[in-house]
Amino acid sequence: MRPHRAFVHELLPEIELGGREAHHLVEVLRAKAGDTLTVFDGRGLEGRATVVQADKGWVRLRLEETWPARKETPQPVTLYVALLKGDHLAEVVRAATELGASQIVPILTQHCVVRELGENKLLRLRRIALEAAKQCERSVVPEVTPMRLLKDIPTVLQGFVAHPRVSRRVRDAYDPEKPTALLTGPEGGLSEAEIELLAQRGFTPVTLGPRILRAETAPVALLSLVTAGEGL
């Protein structure tokens, strides 16, 4: 069996898998007794497990060893991203997971075209985050929260909001030793009143460069500046 990462709810001496994970192991990867794989709990712990039994829709594993995550950011990074049209929010969730976001919070702002986030779409976004975490070998699956109103965002210790009409760069203010919150707006942008409110909540307006980025590109660009440790 080729190397595989499986998500488990808890790393126990014996683990039983069903559903999508078991289906993928048995039907796609043809897992059999004696095969080994990496398992992770989505909260920062992973380990090596051996397949004890494998049947259609069901797999039993024996946990051999565990170790803490080694690929997470030193401090948590929360991404607040405005509701976007089409499937763009899913694209952002996938990329944000790969870039190391610890939490993704969809937000409703004044100029959002999309005005709600249904339960089915939220569940799909969470599945995308899980699959992206497995693909990029993260040990933490970022939480994708229900939609929040922009006015309900709490005050943050360190925050940055993308703004096309400022010159300040992330690296001018970024402290990698502090938890970080990032925020980007919808296709129609953020209003000046919203920018002012965010400034009061601890968000510093920053530029993403001389070009205007699409609403689905901006969160990825902003996040990469922080998690890559560059700060532009």
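The values are calculated or read from the model by the stated rules, or taken from the named source; none is laboratory data. Everything quoted here is computed from the prediction, not taken from an experiment. Glycine also receives a Cβ, built like all others from the backbone with ideal geometry; neighbour counts cover every protein chain displayed. With ligands, DNA and RNA removed, areas are computed over all heavy atoms of the protein, side chains included. Shrake-Rupley method; radii C 1.70, N 1.55, O 1.52, S 1.80 Å.
Structure notes:
- Index of the failed condition, R138 passing every other in (1) of a type in the set (K, R); (2) touching a Gly at 6+ places or on another chain (Cβ under 9 Å); (3) farther than 30 Å from T38 by Cβ; (4) modelled with pLDDT under 95: (3)
- If you filter the stretch 43-67 down to residues that are among the charged types (D, E, K, R) and touching a strand residue (DSSP E or B) at 6+ places or on another chain (Cβ under 6 Å), you find that the one that is least open to solvent (accessible area, probe 1.4 Å) is E46.
- In the stretch 68-77 there is at least one residue matching the filter, namely being modelled with pLDDT of 95 or more and either open to solvent by less than 60 Å² (accessible area, probe 1.4 Å) or farther than 20 Å from F160 by Cβ (or both).
- For E119, the conditions (1) of a type outside the set (A, V, I, L, M, F, W, C); (2) farther than 30 Å from V39 by Cα; (3) open to solvent by 80 Å² or more (accessible area, probe 1.4 Å) are fulfilled apart from (2).
- For the stretch 203-229, the set of residues classified as open to solvent by less than 30 Å² (accessible area, probe 1.4 Å), outside any loop (DSSP other than H, G, I, E, B) and either farther than 13 Å from L79 by Cα or among the polar types (S, T, N, Q) (or both) consists of V206 only.
- Flag for V113 being aliphatic (A, V, I, L, M) and surrounded by fewer than 21 Cβ atoms within 10 Å (Cβ to Cβ): yes
- Flag if R168 is touching a Ser or Thr at 6+ places or on another chain (Cβ under 8 Å) and either open to solvent by 30 Å² or more (accessible area, probe 1.4 Å) or outside any strand (DSSP E or B) (or both): yes
- Of all residues in the stretch 169-193 being touching a helix residue (DSSP H, G or I) at 6+ places or on another chain (Cβ under 6 Å) and not aliphatic (A, V, I, L, M), the one that is farthest from T155 (Cα to Cα): T184
- Pick from the stretch 35-64, criterion assigned to a loop (DSSP other than H, G, I, E, B) and not small (G, A, S), ranking: nearest to the chain's Cα centre (by Cα): D41
- L157 fulfils the conditions (1) of a type in the set (A, V, I, L, M, F, W, C); (2) under 19 Å from R201 (Cβ atoms); (3) open to solvent by 30 Å² or more (accessible area, probe 1.4 Å); (4) not in a loop (DSSP other than H, G, I, E, B) except for a single criterion, (4).
- Pair list, Cβ < 6 Å and 6+ apart or interchain, from the stretch 57-70 residues that are closer than 15 Å to D35 by Cα and touching a residue at least 24 places away in the same chain (Cβ under 8 Å) to residues that are assigned to a strand (DSSP E or B) and of a type in the set (G, A, S): L61/A49; L63/G47; L63/A49
- Condition check for P146: at pLDDT 95 or above, part of a loop (DSSP other than H, G, I, E, B), in contact with a strand residue (DSSP E or B) (Cβ under 9 Å, 6 or more places away or on another chain) and open to solvent by less than 30 Å² (accessible area, probe 1.4 Å): no
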